[in-house]
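Worksheet: one structure, shown below.
The values are calculated or read from the model by the stated rules, or taken from the named source; none is laboratory data. Predicted model, so just to flag it, every value in this text is computed and none were measured. Cβ sites come from the backbone with ideal geometry, for glycine too, and all protein chains shown count toward neighbours. Side chains are part of the model used for accessible areas, which takes the heavy atoms of the whole protein and leaves out ligands, DNA and RNA. Shrake-Rupley method; radii C 1.70, N 1.55, O 1.52, S 1.80 Å.
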Amino acid sequence: MGELAGDRKIDPREAAARRRLSEVKSLLSVVSCKGGVGKSLLSATLALLLSRKGYRTGLLDLDFHSPSAHLILGETGRIAEEGGLVPAEVRGLRFLSVIHFSGQRPLLLRKGGIASSLLDLFSTTRWGRLDYLVVDMPPGSGDELLELLRLAKGTEFLVVSTPSRLSRESVERMVEGLRTAGARIAGVVENFSSSPSPWKGVRLLGGVRYDPGVEEALGDADRLLRTSFASDAGRVLEEYLRG
Amino acid sequence: MHEWAVAEGIVEALVERGRKEGAKRITGFRLILGEIQGVEEEALRFALRELSRGTMLEGAEVTVERERGRVGCRGCGFEWFPGEGSGEEEALHFLPDLLPLFLKCPRCGSVDLEIRGGRGIWVSSLEIER
(Lines give C-alpha, C1' and ligand atoms only; values in the text may rest on other atoms or scores of the structure.)
Protein backbone atom coordinates (compact mmCIF):
# COMPACT_ATOMS: atom_id res chain seq x y z
CA MET A 1 0.00 0.00 0.00
CA GLY A 2 1.33 3.47 -0.89
CA GLU A 3 2.16 5.36 2.29
CA LEU A 4 1.13 9.00 2.16
CA ALA A 5 3.72 11.54 3.27
CA GLY A 6 2.86 13.83 6.17
CA ASP A 7 1.38 16.67 4.15
CA ARG A 8 -0.46 14.28 1.81
CA LYS A 9 -2.29 12.39 4.55
CA ILE A 10 -6.00 12.78 4.14
CA ASP A 11 -8.19 14.10 6.94
CA PRO A 12 -11.70 13.12 5.82
CA ARG A 13 -13.25 15.74 8.05
CA GLU A 14 -12.07 18.51 5.72
CA ALA A 15 -14.04 17.20 2.72
CA ALA A 16 -17.07 16.62 4.95
CA ALA A 17 -16.82 20.16 6.36
CA ARG A 18 -16.62 21.71 2.89
CA ARG A 19 -19.64 19.76 1.72
CA ARG A 20 -21.76 20.54 4.78
CA LEU A 21 -20.92 24.22 4.57
CA SER A 22 -21.76 24.28 0.86
CA GLU A 23 -25.43 24.25 1.90
CA VAL A 24 -24.96 27.59 3.61
CA LYS A 25 -25.32 30.50 1.19
CA SER A 26 -23.69 33.17 3.38
CA LEU A 27 -21.49 32.74 6.38
CA LEU A 28 -21.14 35.87 8.48
CA SER A 29 -18.56 35.76 11.27
CA VAL A 30 -18.77 38.38 13.98
CA VAL A 31 -15.29 39.09 15.34
CA SER A 32 -13.32 41.50 17.47
CA CYS A 33 -9.99 41.64 19.22
CA LYS A 34 -11.43 42.49 22.59
CA GLY A 35 -13.94 40.80 24.84
CA GLY A 36 -16.99 42.69 26.07
CA VAL A 37 -17.51 44.76 22.92
CA GLY A 38 -20.90 43.19 22.18
CA LYS A 39 -20.11 40.46 19.64
CA SER A 40 -22.48 37.90 21.12
CA LEU A 41 -25.36 40.31 21.55
CA LEU A 42 -24.90 41.63 18.04
CA SER A 43 -24.56 38.11 16.57
CA ALA A 44 -27.73 36.86 18.23
CA THR A 45 -29.67 40.02 17.38
CA LEU A 46 -28.58 39.97 13.73
CA ALA A 47 -29.50 36.28 13.49
CA LEU A 48 -32.94 36.93 14.99
CA LEU A 49 -33.51 39.89 12.66
CA LEU A 50 -32.47 37.85 9.61
CA SER A 51 -34.82 35.07 10.66
CA ARG A 52 -37.71 37.54 11.13
CA LYS A 53 -37.06 38.79 7.62
CA GLY A 54 -37.75 35.28 6.38
CA TYR A 55 -34.18 34.12 5.81
CA ARG A 56 -33.30 30.58 6.91
CA THR A 57 -30.76 31.42 9.57
CA GLY A 58 -28.38 29.57 11.84
CA LEU A 59 -26.42 30.82 14.84
CA LEU A 60 -23.17 29.14 15.84
CA ASP A 61 -21.59 30.20 19.11
CA LEU A 62 -17.92 29.34 18.71
CA ASP A 63 -16.76 30.85 21.98
CA PHE A 64 -15.31 27.75 23.59
CA HIS A 65 -14.42 29.47 26.83
CA SER A 66 -17.36 31.77 27.36
CA PRO A 67 -20.46 30.86 25.33
CA SER A 68 -23.37 33.22 25.94
CA ALA A 69 -25.72 33.11 22.94
CA HIS A 70 -28.01 30.69 24.81
CA LEU A 71 -28.46 33.28 27.57
CA ILE A 72 -29.44 35.93 25.04
CA LEU A 73 -31.90 33.61 23.29
CA GLY A 74 -33.25 32.37 26.62
CA GLU A 75 -33.07 28.74 25.61
CA THR A 76 -30.41 26.19 24.76
CA GLY A 77 -32.62 23.72 22.93
CA ARG A 78 -31.69 20.15 22.17
CA ILE A 79 -29.32 18.89 19.55
CA ALA A 80 -29.97 15.51 17.92
CA GLU A 81 -28.01 12.81 16.13
CA GLU A 82 -29.36 11.89 12.74
CA GLY A 83 -26.87 11.22 9.96
CA GLY A 84 -24.66 13.72 11.77
CA LEU A 85 -25.30 16.43 14.31
CA VAL A 86 -28.60 18.28 13.97
CA PRO A 87 -28.55 21.74 15.60
CA ALA A 88 -31.20 22.80 18.08
CA GLU A 89 -34.18 24.87 16.95
CA VAL A 90 -34.44 27.98 19.08
CA ARG A 91 -36.56 31.07 18.34
CA GLY A 92 -36.70 30.25 14.65
CA LEU A 93 -32.92 29.73 14.45
CA ARG A 94 -30.84 26.61 13.98
CA PHE A 95 -28.60 26.97 16.96
CA LEU A 96 -25.39 25.31 18.08
CA SER A 97 -23.06 26.21 20.92
CA VAL A 98 -20.32 24.57 22.95
CA ILE A 99 -22.85 24.69 25.81
CA HIS A 100 -24.70 21.82 24.09
CA PHE A 101 -21.67 19.66 24.81
CA SER A 102 -20.18 21.07 27.99
CA GLY A 103 -23.37 21.67 29.94
CA GLN A 104 -22.62 23.82 32.97
CA ARG A 105 -19.10 22.44 33.48
CA PRO A 106 -16.39 25.09 33.93
CA LEU A 107 -14.67 25.50 30.58
CA LEU A 108 -11.09 25.05 31.71
CA LEU A 109 -9.76 24.07 28.35
CA ARG A 110 -6.41 24.53 26.66
CA LYS A 111 -6.39 25.80 23.13
CA GLY A 112 -4.62 22.74 21.71
CA GLY A 113 -7.76 21.03 20.54
CA ILE A 114 -9.67 24.01 19.17
CA ALA A 115 -8.65 23.48 15.54
CA SER A 116 -9.63 19.82 15.72
CA SER A 117 -12.91 20.72 17.44
CA LEU A 118 -13.81 23.16 14.67
CA LEU A 119 -13.18 20.44 12.12
CA ASP A 120 -15.35 18.05 14.12
CA LEU A 121 -18.16 20.61 14.36
CA PHE A 122 -18.12 21.70 10.74
CA SER A 123 -17.80 18.18 9.38
CA THR A 124 -20.64 16.69 11.40
CA THR A 125 -23.19 19.49 11.73
CA ARG A 126 -26.12 19.24 9.37
CA TRP A 127 -27.18 22.85 9.07
CA GLY A 128 -29.25 22.00 6.04
CA ARG A 129 -30.02 24.73 3.56
CA LEU A 130 -29.41 28.09 5.17
CA ASP A 131 -29.42 31.58 3.76
CA TYR A 132 -27.24 32.86 6.60
CA LEU A 133 -25.10 31.26 9.25
CA VAL A 134 -24.03 33.85 11.81
CA VAL A 135 -20.92 32.79 13.72
CA ASP A 136 -20.31 34.36 17.11
CA MET A 137 -16.53 34.19 17.42
CA PRO A 138 -14.44 34.36 20.59
CA PRO A 139 -12.36 37.50 21.06
CA GLY A 140 -8.98 37.65 19.40
CA SER A 141 -7.31 36.51 16.26
CA GLY A 142 -6.08 33.11 17.33
CA ASP A 143 -6.85 29.48 16.55
CA GLU A 144 -10.59 29.79 15.94
CA LEU A 145 -10.20 32.67 13.50
CA LEU A 146 -7.35 31.06 11.59
CA GLU A 147 -9.11 27.72 11.39
CA LEU A 148 -12.32 29.34 10.22
CA LEU A 149 -10.38 31.16 7.49
CA ARG A 150 -8.92 27.84 6.37
CA LEU A 151 -12.13 25.82 6.44
CA ALA A 152 -14.67 28.37 5.26
CA LYS A 153 -12.87 30.55 2.77
CA GLY A 154 -16.05 32.34 1.69
CA THR A 155 -16.88 33.65 5.15
CA GLU A 156 -17.44 37.38 5.53
CA PHE A 157 -16.20 39.12 8.64
CA LEU A 158 -18.17 41.70 10.52
CA VAL A 159 -15.78 43.38 12.91
CA VAL A 160 -17.08 44.89 16.15
CA SER A 161 -15.39 47.72 17.98
CA THR A 162 -16.18 50.33 20.58
CA PRO A 163 -15.34 54.03 20.14
CA SER A 164 -12.41 53.66 22.55
CA ARG A 165 -8.93 53.95 21.10
CA LEU A 166 -8.07 50.79 23.04
CA SER A 167 -10.47 48.88 20.84
CA ARG A 168 -10.09 50.84 17.60
CA GLU A 169 -6.37 50.35 17.34
CA SER A 170 -6.62 46.57 17.81
CA VAL A 171 -9.52 46.35 15.39
CA GLU A 172 -7.62 48.31 12.75
CA ARG A 173 -4.80 45.78 13.07
CA MET A 174 -7.29 42.92 12.86
CA VAL A 175 -8.83 44.34 9.68
CA GLU A 176 -5.36 44.66 8.17
CA GLY A 177 -4.58 41.06 9.15
CA LEU A 178 -7.82 39.76 7.68
CA ARG A 179 -7.11 41.64 4.45
CA THR A 180 -3.62 40.18 4.24
CA ALA A 181 -5.13 36.73 4.70
CA GLY A 182 -7.45 37.41 1.76
CA ALA A 183 -10.60 37.43 3.89
CA ARG A 184 -13.79 39.23 2.89
CA ILE A 185 -14.66 42.02 5.27
CA ALA A 186 -18.31 43.06 5.47
CA GLY A 187 -17.45 46.12 7.55
CA VAL A 188 -17.09 47.51 11.03
CA VAL A 189 -19.85 48.05 13.58
CA GLU A 190 -19.17 50.50 16.38
CA ASN A 191 -20.96 49.48 19.55
CA PHE A 192 -21.81 51.87 22.43
CA SER A 193 -21.76 54.64 19.88
CA SER A 194 -24.51 56.90 18.57
CA SER A 195 -22.41 58.85 16.06
CA PRO A 196 -19.38 56.82 15.03
CA SER A 197 -16.54 58.65 13.40
CA PRO A 198 -15.38 57.33 10.04
CA TRP A 199 -12.98 54.40 9.81
CA LYS A 200 -10.03 54.58 7.49
CA GLY A 201 -9.97 52.00 4.71
CA VAL A 202 -12.89 49.89 5.90
CA ARG A 203 -16.61 50.24 5.46
CA LEU A 204 -18.52 51.44 8.51
CA LEU A 205 -21.81 49.58 8.72
CA GLY A 206 -23.08 51.80 11.51
CA GLY A 207 -23.12 52.53 15.19
CA VAL A 208 -25.18 50.89 17.90
CA ARG A 209 -26.24 52.89 20.93
CA TYR A 210 -25.91 51.72 24.52
CA ASP A 211 -29.31 50.68 25.78
CA PRO A 212 -29.66 49.82 29.49
CA GLY A 213 -32.90 48.02 28.63
CA VAL A 214 -30.94 45.24 26.94
CA GLU A 215 -29.98 43.66 30.27
CA GLU A 216 -33.65 43.23 31.18
CA ALA A 217 -34.37 41.80 27.75
CA LEU A 218 -31.74 39.06 27.90
CA GLY A 219 -33.44 35.72 27.44
CA ASP A 220 -36.53 37.22 25.86
CA ALA A 221 -36.03 37.48 22.09
CA ASP A 222 -39.21 39.50 21.44
CA ARG A 223 -38.33 42.04 24.10
CA LEU A 224 -34.74 42.23 22.87
CA LEU A 225 -35.95 43.06 19.38
CA ARG A 226 -37.91 46.01 20.80
CA THR A 227 -34.81 47.68 22.29
CA SER A 228 -32.99 50.59 20.66
CA PHE A 229 -29.98 48.27 20.45
CA ALA A 230 -31.97 46.01 18.11
CA SER A 231 -33.31 48.90 16.05
CA ASP A 232 -29.73 50.16 15.55
CA ALA A 233 -28.62 46.61 14.74
CA GLY A 234 -31.46 46.51 12.22
CA ARG A 235 -30.00 49.56 10.46
CA VAL A 236 -26.58 47.89 10.47
CA LEU A 237 -28.19 44.83 8.92
CA GLU A 238 -29.88 46.86 6.19
CA GLU A 239 -26.56 48.47 5.37
CA TYR A 240 -24.88 45.05 5.24
CA LEU A 241 -27.63 43.59 3.04
CA ARG A 242 -27.27 46.50 0.62
CA GLY A 243 -23.82 45.01 -0.06
CA MET B 1 -18.06 12.26 15.60
CA HIS B 2 -20.81 10.37 13.88
CA GLU B 3 -19.71 7.39 11.81
CA TRP B 4 -21.91 8.24 8.84
CA ALA B 5 -20.44 11.73 8.61
CA VAL B 6 -16.91 10.31 8.91
CA ALA B 7 -17.64 7.82 6.13
CA GLU B 8 -19.07 10.55 3.88
CA GLY B 9 -15.89 12.54 4.36
CA ILE B 10 -13.68 9.53 3.64
CA VAL B 11 -15.50 8.63 0.42
CA GLU B 12 -15.51 12.20 -0.81
CA ALA B 13 -11.88 12.88 0.07
CA LEU B 14 -10.60 9.61 -1.41
CA VAL B 15 -12.57 9.90 -4.64
CA GLU B 16 -11.21 13.44 -5.03
CA ARG B 17 -7.65 12.22 -4.39
CA GLY B 18 -8.14 9.23 -6.69
CA ARG B 19 -9.25 11.51 -9.54
CA LYS B 20 -6.23 13.75 -9.02
CA GLU B 21 -3.95 10.72 -9.20
CA GLY B 22 -5.65 9.44 -12.35
CA ALA B 23 -6.90 6.29 -10.61
CA LYS B 24 -9.42 3.92 -12.14
CA ARG B 25 -10.07 2.29 -8.79
CA ILE B 26 -8.97 2.61 -5.20
CA THR B 27 -8.40 -0.96 -4.09
CA GLY B 28 -7.46 -0.35 -0.47
CA PHE B 29 -6.60 2.21 2.18
CA ARG B 30 -5.47 2.39 5.76
CA LEU B 31 -7.42 4.54 8.18
CA ILE B 32 -6.05 5.72 11.50
CA LEU B 33 -8.70 6.43 14.11
CA GLY B 34 -7.74 8.44 17.14
CA GLU B 35 -9.28 6.64 20.09
CA ILE B 36 -10.75 9.76 21.63
CA GLN B 37 -12.80 10.40 18.48
CA GLY B 38 -15.02 7.60 19.74
CA VAL B 39 -15.71 6.20 16.27
CA GLU B 40 -17.31 2.77 16.32
CA GLU B 41 -15.48 0.63 13.77
CA GLU B 42 -18.32 -1.65 12.69
CA ALA B 43 -20.72 1.26 12.17
CA LEU B 44 -18.04 3.03 10.17
CA ARG B 45 -17.35 -0.01 7.97
CA PHE B 46 -21.07 -0.38 7.30
CA ALA B 47 -21.40 3.29 6.31
CA LEU B 48 -18.31 3.01 4.10
CA ARG B 49 -19.74 -0.02 2.29
CA GLU B 50 -23.03 1.76 1.68
CA LEU B 51 -21.57 5.08 0.61
CA SER B 52 -18.84 3.72 -1.65
CA ARG B 53 -21.27 1.81 -3.88
CA GLY B 54 -20.92 2.94 -7.47
CA THR B 55 -17.75 4.96 -6.74
CA MET B 56 -14.13 4.10 -7.49
CA LEU B 57 -13.90 3.09 -3.84
CA GLU B 58 -16.39 0.24 -4.07
CA GLY B 59 -14.92 -3.02 -2.78
CA ALA B 60 -11.76 -1.36 -1.42
CA GLU B 61 -10.05 -3.22 1.39
CA VAL B 62 -10.16 -1.08 4.52
CA THR B 63 -7.53 -1.50 7.21
CA VAL B 64 -8.31 0.29 10.45
CA GLU B 65 -5.67 1.12 13.05
CA ARG B 66 -6.36 2.81 16.34
CA GLU B 67 -4.15 5.39 17.96
CA ARG B 68 -4.45 5.23 21.73
CA GLY B 69 -5.96 8.16 23.54
CA ARG B 70 -3.39 9.74 25.87
CA VAL B 71 -4.02 12.50 28.39
CA GLY B 72 -1.36 14.42 30.29
CA CYS B 73 -1.56 16.48 33.46
CA ARG B 74 0.11 19.89 33.24
CA GLY B 75 0.22 20.03 37.02
CA CYS B 76 2.18 16.92 38.03
CA GLY B 77 3.20 15.54 34.62
CA PHE B 78 1.32 12.27 35.01
CA GLU B 79 0.20 10.71 31.76
CA TRP B 80 -2.46 8.07 31.28
CA PHE B 81 -4.66 6.32 28.75
CA PRO B 82 -8.28 7.14 29.53
CA GLY B 83 -9.54 4.34 27.25
CA GLU B 84 -12.62 4.14 25.08
CA GLY B 85 -14.97 4.11 28.07
CA SER B 86 -14.14 7.74 28.78
CA GLY B 87 -16.21 8.67 25.74
CA GLU B 88 -19.45 7.59 27.37
CA GLU B 89 -20.65 11.15 27.52
CA GLU B 90 -22.74 11.78 24.42
CA ALA B 91 -21.11 15.18 24.06
CA LEU B 92 -17.74 13.60 23.41
CA HIS B 93 -19.09 11.68 20.48
CA PHE B 94 -19.21 14.96 18.57
CA LEU B 95 -16.57 17.05 20.31
CA PRO B 96 -13.95 14.65 21.67
CA ASP B 97 -11.55 17.47 22.42
CA LEU B 98 -13.76 18.41 25.33
CA LEU B 99 -12.60 15.22 27.07
CA PRO B 100 -10.50 17.13 29.66
CA LEU B 101 -13.70 18.76 30.94
CA PHE B 102 -14.92 15.36 32.08
CA LEU B 103 -11.69 14.21 33.74
CA LYS B 104 -9.39 14.95 36.65
CA CYS B 105 -5.80 13.85 37.00
CA PRO B 106 -5.95 10.48 38.79
CA ARG B 107 -2.73 11.33 40.66
CA CYS B 108 -3.05 14.96 41.80
CA GLY B 109 -6.66 15.87 40.99
CA SER B 110 -5.72 18.74 38.68
CA VAL B 111 -8.08 19.77 35.90
CA ASP B 112 -5.30 21.34 33.81
CA LEU B 113 -5.13 18.51 31.32
CA GLU B 114 -4.21 18.12 27.70
CA ILE B 115 -4.82 15.47 25.10
CA ARG B 116 -1.48 14.13 23.92
CA GLY B 117 -2.57 11.34 21.63
CA GLY B 118 -5.53 9.69 19.98
CA ARG B 119 -6.99 12.82 18.41
CA GLY B 120 -8.16 12.98 14.81
CA ILE B 121 -8.86 10.68 11.90
CA TRP B 122 -6.74 10.32 8.79
CA VAL B 123 -5.99 8.10 5.84
CA SER B 124 -2.32 7.18 6.01
CA SER B 125 -1.96 5.02 2.92
CA LEU B 126 -3.71 4.32 -0.29
CA GLU B 127 -3.59 1.65 -2.97
CA ILE B 128 -4.80 2.64 -6.39
CA GLU B 129 -5.23 0.97 -9.76
CA ARG B 130 -4.63 3.11 -12.85
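About its Cα centre, region A:183-232 has a charge dipole of approximately 420 debye under the convention of +1 per Lys or Arg Cβ and -1 per Asp or Glu Cβ, with nothing else charged. For A:Glu169, put the label point 7 Å out on the Cα→Cβ axis and report which residues of region A:189-205 keep their amide N under 16 Å from it. The answer is none, because no backbone nitrogen lies closer than 16 Å to the label point.
Between the alpha-carbon centres of region A:201-243 and region A:24-57 there is a gap of 10 Å. Computed over protein heavy atoms with a 1.4 Å probe, the carbon and sulfur contribution to the accessible area of chain B reaches 45%. When chain A is treated as a GNM with alpha-carbon contacts under 10 Å, the residue of A:Leu146, A:Leu41, A:Leu119 showing the greatest mean-square fluctuation is A:Leu146.
Think of region A:15-103 as a dipole: +1 on every Lys or Arg Cβ, -1 on every Asp or Glu Cβ, centred on the Cα centre; then among A:Ser68, A:Ser32, A:Phe95, A:Ser32 lies furthest on the positive end. Checking every one of the chymotrypsin sites (Phe, Trp or Tyr not before Pro) in region B:42-113 against DSSP loop status and a limit of 16 other Cβ atoms within 10 Å picks out B:Phe78. Note on B:Lys24: aspartates and glutamates with a C-alpha under 13 Å away, same-chain residues under 8 apart excluded, are B:Glu16, B:Glu58, B:Glu127, B:Glu129.
Considering only B:Gly22, A:Ser22, A:Gly187, the residue lying farthest towards the positive end of the dipole of the protein assembly as shown is A:Gly187, judged by Cα position with unit charges set on Cβ.
Spin-label pair B:Arg45-B:Phe78: with each label point 7 Å from Cα along the Cα-Cβ axis, the two points sit 3.6 nm from one another. Taking every DSSP helix (H) stretch of at least 4 residues in chain A, weighting each as -39,500 (n - 2.57) and dividing the sum by the residue count yields a mean residue ellipticity at 222 nm of -11000 deg cm²/dmol.
Averaged per residue, the protein assembly as shown has 44 square angstrom of accessible surface, using a 1.4 angstrom probe with ligands and nucleic acids left out. Taking 20 Å as the cut-off for C-alpha to C-alpha distance, list the pairs among A:Lys34/A:Lys111; A:Lys25/A:Lys53; A:Lys111/B:Lys104; A:Lys25/A:Lys153 that go past it. Cα-Cα > 20 Å for no pair; all within.
Between A:Pro12, A:Thr125, A:Trp199, whose Cα lies farthest towards the positive end of the dipole of the protein assembly as shown when Lys and Arg beta carbons carry +1 and Asp and Glu beta carbons carry -1, centred on the Cα centre? Toward the positive end, the furthest listed residue is A:Trp199.
Dividing the summed helix terms, -39500 (n - 2.57) for each DSSP H run of n ≥ 4, by the number of residues in chain B produces a 222 nm estimate of -8500 deg cm²/dmol to the nearest 500. About its Cα centre, chain A has a charge dipole of approximately 520 debye under the convention of +1 per Lys or Arg Cβ and -1 per Asp or Glu Cβ, with nothing else charged. Of A:Ala15, A:Ala233, A:Ala152, the residue with the greatest mean-square motion in the GNM of chain A, using alpha carbon springs below 10 Å, is A:Ala15.
Tally the DSSP beta bridges in region A:85-243 and give the antiparallel ones as a percent, rounded to 5. All intermediate terms of the calculation are to be shown ahead of the outcome.
Numbers: 3 of 14 bridges.
Just about 20 percent of them are antiparallel.
Principal-axis analysis of the Cα atoms of chain A puts helix A:114-124 at an angle of about 80° to the longest axis. Amide H contacts for A:Ser97 (H built 1.01 Å from N in the peptide plane; partners 5 or more residues away or on another chain; cut-off under 5 Å): A:Asp61.
Calculate the dipole size of region B:70-116 relative to its Cα centre from +1 charges on Lys and Arg beta carbons and -1 charges on Asp and Glu beta carbons; express the result in debye to the nearest 20.
Details: 5 positive and 8 negative charges, 62 e Å.
I would put it at about 300 debye.
Considering only A:Arg110, A:Arg209, A:Arg18, the mean-square fluctuation computed in a Gaussian network model of chain A, springs between alpha carbons under 10 angstrom, is largest for A:Arg110. Relative to the longest principal axis of the Cα atoms of chain B, the long axis of helix B:3-20 lies at roughly 50 degrees. Between the helical axis of B:41-52 and the dominant principal axis of chain B, each derived from Cα atoms, what acute angle in degrees is found, rounded to the nearest 10? Orientation of helix B:41-52: about 30 degrees from the principal axis. Interface size, chains B and A: roughly 3500 Å² of accessible area buried, both sides included, 1.4 Å probe, rounded to the nearest 100.
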